[in-house]
Structures are given as C-alpha cells and as structure tokens.
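The structure under discussion appears below in the form of structure tokens.
The values are calculated or read from the model by the stated rules, or taken from the named source; none is laboratory data. What you see is a predicted model; the values in this text were computed from it and never measured. Neighbour counts run over all protein chains shown; Cβ positions are idealised from the backbone, glycine included.
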Amino acid sequence: MNNTSTVKHGLTLRQKEAATGVAFIALPLLSLLVFMYYPIIRSFFISLYEWNLLQKPTFNGVNNYKTLFADKVFLTSLWNTCRWVITYVPMSVVTSFLLALLLDQKLKGAGFFRTLYYLPVVAPIVVVALLWVWIYNTDYGILNFILEKLFHIKPIGWLTDARFSLFAIAVMSVWKWAGYNMLIFLAALQGIDDSIYEAAELDGVTPWTKLFYIKIPLVMPSIYFVMLTAVIDAFQMFTEIFIMTKGGPGYSTYTVSYYLWSCAFEYSKMGYACAMAAVMFVIILVVTLIQNKVMDRRVQYDM
Amino acid sequence: MKKNLKKAMAFMMAVAMTAGLALAADVKADDWEGAEKAATLSGDIQYMHSGDDYEREMYAGVFESYMKYAPEVHVEQMYVPSDYATKLQTLASANSLPDLFWMGESGIKQYYDAGMLYDMTPYLEEYPDLTEDIVDGVLEYGNFDGKQVAFPKDWTSYVMYLNTDMFAEAGVDVPTNDWTVDDYKEIAAKLTKKTEDGSRVDVYGTAINNYRADWINWMGNYGAEWFKDGKSNFSDEKSLQGLGVMYDLIQAGSAPSPGTVSSTGDSEDRLFIIGKVAMYPSGRWVIPSFRQECDFAWDAVEMPMGTTRVCPFICSMVGIASTTKLPDVAANVLSYQMSDEGLVQVMGSALSLPAYNDLMANEEYVNTPPSADAFINSAAYLGSQSQLEASQTGKWSEYGSIISANLSDAFEGNVTLEEACKAIDEQANGTLFAD
C-alpha cells in the first residue's frame, strides 16, 4: 500500500482529487446537458413531427425536411444568410484587424481610442440598431445627407431598397462588433515578442514584410478563432434584422434564424422550425469542419 | 415638459377612471342579470388579458366591482403587457390556461381545434343580455361548428382621423362621412407639403399602414372577395383596385411608404401626433393618446367610400378554458364584464366600442371627441365574409406575414402591385391553402 497517496477514509489522493474535480464541473456540466445538449437532441426529434404547441405532436417523418427544400421563403432566407456570412465575416474580421493594427502602434491616447472602439460593443443592440435606423433614414438620415452634399448622390433607401438593405445592416453590425474582435487581435499582437521585431528591423524588413511575415502568421491562432466564431455567429444572425427591418422589404432581409423564429413563435409550426434548426446545425457544422481543415494547416501556435 | 405631460396624463386617466366607477355605481345593481347568481358562487379564477397599464387598472376596477357582487369569488388578474400571444400559447402548451383569457379574432381556431375552449353556448341562454341587441356579425368570429367558443368583449371601428387645423391652414374643406376615395386622394395631394428647397416631403397628406385593418378596409371598400373558397384571391381585380388606393398614395408622394416610416424609428400614429401627417386611418385605440398628445384640432370621419364600404373587424375575444373547474363562475364574470355596468368602466377610455347597438349611441360608452358618427355608422358595415373565412382558417398569422412581406415589396417600389398580389396568391395557395 502506498501510504503517501492514501487518506483515512480509504480514498487515494488521486481519487479525492478526481472527486473534487467532478464536484467542480458537475454544475456547469449539468447545465450544459440540460440547457444545451438535451434541447439540441430534442429538437432533432421534434423536427420529425408536426406540432403546433397546442395539440399532441403527430409523427411526420421527413416531410418537414421535404417541405423545407421546396419552401421559397426558406430558400430565400438561406440564400440571404449565406450572403450575410460572405458579406459580414470578411468585413468584420478585416476591420477588427485593421483597428487592432492601428492601436498596436505606439500612439498617444491609445487607451482612449481602445475604449472608443470598444464602446459600441457594450451599447445595447436595440439602441445601436435604432441609431443606425436614423443614420440610414432616406429623407433625413445623415448618410444620405453627406452623400448628397459631397457627391450629389440621390437619397438611397438603405433599409427600404431590397438591393441595399442586407449590406446596410452588415455595415451596422461591423461597427457594433468590430471592437470585440479588435481586442482579441490586439492582445495577440501585443503578445508578439519585441525581439522578433528587433531582429527583423536589423535585417531591414519593410513594414509590409513585417505585417505579412511576422504579425499575421503569429496572430493566426486568433484569426482562426475570430473567423470561426464570426462565421458561427453570422449564421445565427437575428436581432439586428428583428429590430431594423423585420425581414423586409419583401423577404430581402429574411435570414434562416428570423424565419425559424417566425415559424416557431408566430405561426406555431414548431416541428417545421426545428427542422430548419437541424439543417442550420448541419450547415454550420460542415462549414466549421471545412474551416478547421483549411485554416488549421496555416495556424502556427509557436512563437 | 415631459414630466408635466405625464402628470397631466395620469391626472386625466384618474379622472376618467373615477368617472367610470361613479357611472358604474350609478347603474342599479339589479340591472345586471347575473347579480343574484354571483352571490351564490365561490372559488378563485384567473383572468388573463393584454393591454397597457391603463387597461390593467380599468380591468382591476371591473374585477373589484364584480367581487362586490360575488364576495366568495376571487378573480386573479393576469396582466400581460407584451408578447401576449406567445405567453398564452406557452401556458396552453403547459396545459395551464387561465380560466378566462383574451384572444385575437383570428387566433381562436387553433385553440378550438386543440379542444381548449369551453362551449359557452348554454351560457348565452342563461344570460340573454349577453347577446341582446349585439352588433351584427360580431358573434360569428367566435362561433365554430355552431358552438360559441369565444365572445367579442368589444370591437373597434376603422376611421380616418383628420388634423383639422391643417385643413383650415390649406383652405381645404373638412370631408364629411359621405366622401369618396377620389376626394381622399385629391385632399391628400393638397395637404402634402414639401420642404422649402422642394427636395423632401415635410408633411404628408395621409399615411397608410401595412396592416390587416388597412388591407381589409381598402379591398372591402371595392367589394373584393380577397379570400374566397378557402383560397387567397388578392389578384382579383377588385382586390387590386382596393390595394391600389394605398399603392397610388405612396407613388404620388401623398403618403410615406411603411419602410420610410419605420426608418424614422417612429410609427404612423406618432407622425399624426407630431403634425407630419394630416389624415390617418386607424382604429379607436389611438384616441386616448390623441386626446393627450395632439396640440391641434382633430376629428374623425368614416373611411372614404369606394364602390361600397367594409369596416374590418378588429377585436379581442374572451374565451373560457375547457380545463376550467369553475365554468359557472367564469361565465358569470364574463356576463358582468359585458353588462352595462361592467362596460361603462372600460368604454370611458375610448380604446374600443361596445358590442351592443343600444350602447353605441350612448355618450357614456362612445364618448367624444372625436365625433361619434363615424364610429356609430361603421357598425352597419362591419366585417366581411372574406375576413371571417380567412380568420377561421387558423392560419391567419402566416397568411398575414405573406401579405405583409409581399406588399411591403410593392410599397417600397421593388415590384409592381400586380406582381406582389400574384406572389401572395401563389405563395399562400401553394403552401397554406394547398388542400
């Protein structure tokens, strides 16, 4: 018997530590199981039923899925969601990275700017959305005013013209969330050892070379993380649409999340909404795996 | 300034409520046919309703008065200020519906299909005053397979509110109830004012709502059967003619498109209040805020005549849950609420209209301003077969979204009205009403 690892009640030290560990993770794990995994699994089952919340669910097989792929509103929503991801994610990542690069300079008042750029992140989304609704106002919005005064461009219906509405909301979202990703990039940039820059400078590298051969490769884990979360978030975009356009004009800003919400809570088609959620789950999973595969090769974790 | 306005509003509401209670006390106790039975009843029941804080207080008053007749009954008021339909649905799915609850006139079917509504037909016989002299057609919206499963607690007319100061300023005669759609378009154009540099509209002659009451009203005013034989029929010539009124007003610049309004972060009724819209079609529910906030002279007339007139039926219906253990008490409470004594406590607010013809002409129930004629007259052409059929499909919510989405595309100029209506019919008939 090993005396050093035995305690009075018959538990080894390792067992006791394991029990403590389990006790610590038990609550979060339980929460995860009850509030995450169970609903996900349950929603897969519900997607096989027709259920209006008021009557007993009736088994419907894969009919919800068949209907889904013939539903023009769903297909439009899916297309809009993809457009959103393609528009929003690159804009968001590039903007955040540029802001982080700017703040990584030895600027006077960098702390002030950091706070300034981060402020929209802590502002409530409802307030931000309403603010931008006014900025985008066709007749009295400041954006159209500036465009008209400077470039003589006729007023544009940023939120009422189907050609611009999704893009306009994407710009607003970038403004709102850029500060968050900026902080992640900034932390990564500031984690790069100064000696690397010093060595590079001794070799006479240009700022561009420094950016492309030192900074970007070394913050790749952060880029990878930001891209991954931005794509996942973008696929689930809902709040901005709900507040600013309610999916309109027409179906031009309907996203899958918005249509899913409408089906579940406005049209009482819970089974159908769950089928939509399942499809989204699979799409996000596949995209994430592809991202993982493509980006993981480029990520360098060692400094 | 705002503080003073709030104080004034609070004071006026308090006066209105006190007046309501005083009027209620003035009605003789033996006028209410359920009084005798109320004294014999006992138990706790729940009554769930929506509305603003003012309505909450009004109904608290109604329940308090009721409990004086029924000292052994306790009515628990479940007031839900927002997201009412979802919360009601959640309670229903948890099999915890309150004994009495409100539903929109188009949301009854799903509760009926789920067997969640008590058949109150026998109570209509027990309390004959409930249906005596009731406005034509209002009961039908709560009647399924010959069973009365929901009761119209009130209704609201759809009328045109006018900023009469603007009419005077522009030298335009204030229209009377016999005006036509052509008059309306002409006046709207005259009252529309541009900014000094002429680049933007400063005051719109009128406004439209991309909302069921507007669609039903305008299509109805041209005799359209926009829902027929279980199918959407928006592409019908008369439907197009009716919706064309809304479309033309936007195209002519006499009304802002719904998107233009929402991009101000405001609503159409607010634009009327702040003097940016001269004529505004809406229900009676806007009156309390107009009375409090309009600092100009205003009035209301009937909606302009097309080839005929139809007033949309907009109402909250009261249902009794089939799971209630106290149906007698629930019916007794409903009977009190619908009695002259009960109604006088809620009609003073001018949020809605009583469902009884004799009360429509009574100033205590349909008070002024604005002129009561427009409201009283519209009871004669309330509702339509299309609205009744569509609301009883149980799919109105989704159908309404299809209509709203496609019409918004037309109103914003992205497609023509014909294209939008074709899309509505194809989408609705291809999915919702396919069988």
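Taking (1) in contact (Cβ under 8 Å) with a residue 60 or more places away in the chain; (2) surrounded by 15 or more Cβ atoms within 10 Å (Cβ to Cβ); (3) in contact with a strand residue (DSSP E or B) (Cβ under 9 Å, 6 or more places away or on another chain); (4) within 14 Å of chain A (Cβ to nearest Cβ) in turn, B:Ala92 satisfies each apart from (1).
Only one of the numbered conditions (1) assigned to a loop (DSSP other than H, G, I, E, B); (2) within 26 Å of A:Lys246 (Cα to Cα) is not met by A:Leu75, and that is (1). Scan segment A:223-266 for residues that are in a loop (DSSP other than H, G, I, E, B) and within 14 Å of another protein chain (Cβ to nearest Cβ) and jot them down. Result: A:Thr245, A:Lys246, A:Gly247, A:Gly248, A:Pro249, A:Gly250, A:Tyr251, A:Ser252, A:Thr253, A:Tyr254, A:Thr255. Against the test of being closer than 27 Å to B:Ala428 by Cβ, surrounded by fewer than 24 Cβ atoms within 10 Å (Cβ to Cβ) and among the charged types (D, E, K, R), the options B:Asp248, B:Asp214 yield a single qualifying residue, B:Asp248.
Kindly indicate whether B:Glu55 is touching a residue at least 60 places away in the same chain (Cβ under 8 Å) and in contact with a Phe, Trp or Tyr (Cβ under 9 Å, 6 or more places away or on another chain). So B:Glu55 passes the test. Any residue at all in segment A:124-135 that's part of a loop (DSSP other than H, G, I, E, B), more than 13 Å from chain B (Cβ to nearest Cβ) and on the phi > 0 side of the Ramachandran plot? No; the residues of segment A:124-135 include none that is part of a loop (DSSP other than H, G, I, E, B), more than 13 Å from chain B (Cβ to nearest Cβ) and on the phi > 0 side of the Ramachandran plot. Just wondering, is there one or more residues in segment B:412-427 that are buried (at least 19 other Cβ atoms within 10 Å of the Cβ), small (Gly, Ala, Ser), within 14 Å of another protein chain (Cβ to nearest Cβ) and over 17 Å from the mean Cα position of the chain (by Cα)? Yes. Considering the conditions (1) within 14 Å of chain A (Cβ to nearest Cβ); (2) at pLDDT 95 or above; (3) buried (at least 23 other Cβ atoms within 10 Å of the Cβ), B:Ala405 is excluded by exactly one of them, (2). Set side by side, the residues B:Ile287, B:Ile320 differ, and just one is at pLDDT below 95 and of a type in the set (A, V, I, L, M), which is B:Ile287.
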